[in-house]
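*Asks:* The structure is given below, and queries will be raised subsequently.
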Amino acid sequence: MAQAAAERITGAENVVWDLSIFYTDVDDPRIQQDMEALTADVDAFAARYRGRVAALSAAEVAAALQDLERLHDRAGRLSTFAGLLYSTDTNDARYGALLQKVTEYESELRQKLLFFELEWNQADDAHAAQVLADPALGKYRHYLEAERRFKPYQLSEIEEQLLVEKSVTGRSAWTRFFTQLTSALRVDYDGQQLTLTQALTKLHDPDREVRRKASAAITAALRSRTMELTYIFNVLAADKASEDKRRGYPTWISARNLSNKTPDAVVEALIQAVTANYDIVARHYRLKRVLLGYDELTEYDRYAPLPVKESDTLYRWETAQDIVLKAFSAFSPRFAEVAGRFFDERWIHAPVTPGKRGGAFCSGAVPSAHPYVLVNYDGTARDVMTLAHELGHGIHFYLATEAQGLFGMYTPLTTAEMASTFGEMLVFTDLMAKEPDAEARLAMLAHKLEDSFATIFRQVAMNRFEDGLHTARRTQGELSTDRINALWMDTQRAMFGDSVKLGDDYSLWWSYIPHFLHTPGYVYAYAFGELLVLALFNLYRERGAAFVPQFIDVLAAGDSDWPERILARVGVDLTDLNFWNQGLNALRELVEQEEGLARQVYPDKFA
């Protein structure tokens with residue numbers, strides 16, 4: 001069979017990250033040496049503090065957490081190296097073996113250190129309040145305060161240890177198998193064996209026949225693994241149901257909301273606001289159908305570029321770098337300075353290669369290192385936006401780590417998208433402002449709207465799918481592929497209405513989405529973050545330069561306080577359940593702008 005070759009030269013072929021800050025390779029003898037030394041230090045820490053945590057003074061707790069922070073940093077270096085290496089080639093058995101070794105090792109460490117957070121939560125409320133009020137606790141106050149929200153759902157130490165231990169051969173093993181399965185999947189497109197990422201890129205091709213064939217080929221590839229993928233989804237949904245029941249969580253989403261530090265009422269208000277505004281999506285796609293001149297749009301037309309000049313422009317890597325850094329610099333020299341280090345110091349892995357994990361991500365790594373970004377760069381305008389998005393994450397991690405350290409660097413998922421989506425908006429508005437041609441601006445606006453739809457409406461529709469999946473798995477038992485397909489199609493059709501015809505082939509497209517398995521309940525956080533950023537961006541337009549240091553302060557705050565308190569610094573009230581309508585109204589205005597621009601550019605189509 002013909003092997004897939006790079007579709008085109010982008011300049012990103014040799015943009016690979018430098019992991020030497022950790023280790024030289026999988027066989028570096030320091031890996032084993034560091035594991036043995038860390039094990040000894042973890043054992044010493046446990047011997048020093050086990051049985052004492054609930055009675056420690058604030059100063060003693062702070063000293064213990066300093067030690068614990070250093071231990072987690074050292075463990076994080078191992079897991080970051082193994083995880084990043086594995087993501088570049090999930091088919092390399094050596095990388096897989098190292099990842100499994102580190103996963104098993106981290107499970108052992110986690111079991112040994114569980115006592116600390118369990119004992120802290122067992123401290124009586126009066127003593128805990130006294131510790132939390134003591135200035136000696138310093139930057140660790142919020143971390144300890146927030147830990148106690150899990151107290152009602154905490155199990156005994158032996159139960160917690162067993163859950164961690166069994167995860168290695170349970171949830172972690174199944175999610176790794178899913179990653180390997182989907183990364184190894186090959187899509188047969190006209191005799192070419194494409195990766196899933198390469199095939200999905202063809203859905204943005206201007207040629208409708210290319211999109212149709214790519215869609216059919218992706219469906220065929222997914223269908224070839226239907227049995228495995230359906231089983232993985234069932235197993236992990238059942239695993240989550242079992243743990244939720246054991247802990248006493250009232251719903252499938254309760255643990256995620258707690259982790260996100262987001263009240264159930266706020267999440268419900270978000271979902272209701274978005275689903276009540278699905279007409280925004282249909283309005284855009286009805287306009288797109290007219291502009292494309294089709295009798296109807298199908299699922300493979302969703303991301304079709306408008307038939308305008310330059311719609312298939314190749315953005316070489318150096319061009320993308322220039323676009324992003326200039327847009328960041330116009331907002332803040334600090335933004336551009338941090339982002340520039342990713343390029344200059346090789347903190348990015350960019351080429352599309354066989355076995356590489358699909359999509360894109362930013363790893364925050366640990367304070368003793370720095371963040372890393374992975375993208376699958378194919379030279380499209382969407383790839384430029386993705387690069388800006390992931391670099392936004394990188395800036396957020398960098399600033400928060402610098403200011404807060406390890407326990408404050410990872411924000412809740414709901415606010416984790418702030419800098420990333422803001423970075424996208426900076427690039428988009430900069431490109432729009434510099435584009436003199438109305439036709440090109442229309443194409444850019446359509447792209448941006450569809451990206452926002454994917455981040456807001458599609459993610460909430462996927463949340464509705466997850467809700468249906470977990471509810472059905474808990475009440476009906478193991479679900480057939482057809483049953484899961486039906487849940488998927490119901491939620492997707494609710495979003496598109498009659499604006500896009502979804503064929504039966506599309507019913508399988510739930511099966512390659514990793515977030516459902518890696519982080520159940522995660523997807524609504526994208527909508528949360530996008531709508532939040534639309535509101536923040538409006539504040540930036542209103543305040544100008546005065547907003548910049550305020551926003552950087554919010555990013556640097558990381559996870560050092562409750563999200564509503566941090567965002568209050570820029571005048572955002574997350575407790576206002578009508579807050580989401582601000583972002584949705586901004587999106588509706590963009591659609592109105594698109595409609596007006598379309599009538600200006602193509603008056604004959606609306607005669």
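The values are calculated or read from the model by the stated rules, or taken from the named source; none is laboratory data. Model, not experiment: these values are computed from the prediction. Neighbour counts run over all protein chains shown; Cβ positions are idealised from the backbone, glycine included.
*Asks:* All but one of (1) surrounded by fewer than 17 Cβ atoms within 10 Å (Cβ to Cβ); (2) within 26 Å of residue 265 (Cα to Cα) hold for residue 579; state the number of the condition that does not hold.
*Replies:* So residue 579 meets the others, but not (1).
*Asks:* Moving to a separate point now. What are the pairs with Cβ atoms under 8 angstrom where one residue, in the range 392-412, is among the acidic types (Asp, Glu) and the other, located anywhere, is modelled with pLDDT of 95 or more? Sequence gap at least six, or different chains.
*Replies:* From residues that are among the acidic types (Asp, Glu), the pairs are 402/556.
*Asks:* Only one of 77, 48, 30 is at pLDDT 95 or above, under 30 Å from residue 133 (Cβ atoms) and out of contact with any helix residue (DSSP H, G or I) (no Cβ under 6 Å at 6 or more places or on another chain). Can you tell me which? Walk me through how you get there before you give the answer.
*Replies:* On the way: 77 fails: under 30 Å from residue 133 (Cβ atoms); 30 fails: under 30 Å from residue 133 (Cβ atoms).
Selected residue: 48, the only one of 77, 48, 30 that is at pLDDT 95 or above, under 30 Å from residue 133 (Cβ atoms) and out of contact with any helix residue (DSSP H, G or I) (no Cβ under 6 Å at 6 or more places or on another chain).
*Asks:* Would you check if residue 552 is assigned to a helix (DSSP H, G or I), surrounded by fewer than 21 Cβ atoms within 10 Å (Cβ to Cβ) and in contact (Cβ under 8 Å) with a residue 40 or more places away in the chain?
*Replies:* yes
*Asks:* Could I ask something else about it? Residue pairs, Cβ under 7 Å, 6 or more apart or interchain, first in the range 12-36 and touching a residue at least 24 places away in the same chain (Cβ under 8 Å), second of a type in the set (Lys, Arg) and surrounded by 15 or more Cβ atoms within 10 Å (Cβ to Cβ). List them.
*Replies:* Pairs that qualify, where the first residue is touching a residue at least 24 places away in the same chain (Cβ under 8 Å) and the partner is of a type in the set (Lys, Arg) and surrounded by 15 or more Cβ atoms within 10 Å (Cβ to Cβ), are 17/346; 18/346; 22/77; 34/74.
*Asks:* Now for a separate question. Would you mind finding the one in 165, 209 that is modelled with pLDDT under 95 and in a helix (DSSP H, G or I)?
*Replies:* Values: 209 fails: modelled with pLDDT under 95.
Unique residue meeting the criteria: 165.
*Asks:* Here's a follow-up. (1) buried (at least 18 other Cβ atoms within 10 Å of the Cβ); (2) assigned to a helix (DSSP H, G or I): which one isn't true of residue 261, the others all being true?
*Replies:* Going through the list (1) buried (at least 18 other Cβ atoms within 10 Å of the Cβ); (2) assigned to a helix (DSSP H, G or I), residue 261 breaks only (2).
*Asks:* Identify the residue in the range 403-417 that is of a type outside the set (Ser, Thr, Tyr) and part of a helix (DSSP H, G or I) and, among all such residues, is surrounded by the most Cβ atoms within 10 Å (Cβ to Cβ).
*Replies:* Only one residue tops the list, namely 416.
*Asks:* Hey, residue 444 hits all of (1) within 14 Å of the chain's Cα centre (by Cα); (2) not in a loop (DSSP other than H, G, I, E, B) but one; which does it fall short on?
*Replies:* (1)
Here is a yes/no grid of residues against (1) among the hydroxyl-bearing types (Ser, Thr, Tyr); (2) closer than 30 Å to residue 239 by Cβ; (3) within 23 Å of the chain's Cα centre (by Cα):
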| position | (1), (2), (3) |
| --- | --- |
| 448 | no, no, yes |
| 455 | yes, yes, yes |
| 458 | no, yes, yes |
| 465 | no, yes, yes |
| 476 | no, yes, no |
| 492 | no, yes, yes |
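*Asks:* Would you check if residue 230 is closer than 29 Å to residue 175 by Cα, crowded, with 20+ Cβ neighbours inside 10 Å and among the polar types (S, T, N, Q)?
*Replies:* Considered against the rule, which asks whether it is closer than 29 Å to residue 175 by Cα, crowded, with 20+ Cβ neighbours inside 10 Å and among the polar types (S, T, N, Q), residue 230 comes out as yes.
*Asks:* Answer yes if at least one residue in the range 47-60 is without any contact (Cβ under 8 Å) to a residue 40 or more places away in the chain and surrounded by 14 or more Cβ atoms within 10 Å (Cβ to Cβ), and no otherwise.
*Replies:* yes
*Asks:* Another question about this same structure. Which residue out of 482, 505 is part of a helix (DSSP H, G or I), of a type in the set (Asp, Glu), touching a helix residue (DSSP H, G or I) at 6+ places or on another chain (Cβ under 7 Å) and surrounded by fewer than 22 Cβ atoms within 10 Å (Cβ to Cβ)? First the steps, then the outcome.
*Replies:* Values: 482 fails: touching a helix residue (DSSP H, G or I) at 6+ places or on another chain (Cβ under 7 Å).
On inspection, the qualifying residue turns out to be 505.
*Asks:* Do we find a residue being in contact with a His (Cβ under 7 Å, 6 or more places away or on another chain) and either crowded, with 20+ Cβ neighbours inside 10 Å or without any contact (Cβ under 8 Å) to a residue 12 or more places away in the chain (or both) anywhere in the range 242-253?
*Replies:* Checked against the condition, which is being in contact with a His (Cβ under 7 Å, 6 or more places away or on another chain) and either crowded, with 20+ Cβ neighbours inside 10 Å or without any contact (Cβ under 8 Å) to a residue 12 or more places away in the chain (or both), the range 242-253 yields at least one hit.
*Asks:* Which residues, taken from the range 281-297, are among the small types (Gly, Ala, Ser) and either in contact with a Ser or Thr (Cβ under 9 Å, 6 or more places away or on another chain) or part of a helix (DSSP H, G or I) (or both)?
*Replies:* Answer for the range 281-297, where residues must be among the small types (Gly, Ala, Ser) and either in contact with a Ser or Thr (Cβ under 9 Å, 6 or more places away or on another chain) or part of a helix (DSSP H, G or I) (or both): just 282.
*Asks:* Can I ask one more? State yes or no: is residue 314 under 20 Å from residue 455 (Cβ atoms) and of a type in the set (A, V, I, L, M)?
*Replies:* no
*Asks:* Let me ask another. Could you grab me the full set of residues in the range 311-349 that are touching a Pro at 6+ places or on another chain (Cβ under 8 Å) and at pLDDT below 95?
*Replies:* Correct list: 311, 312.
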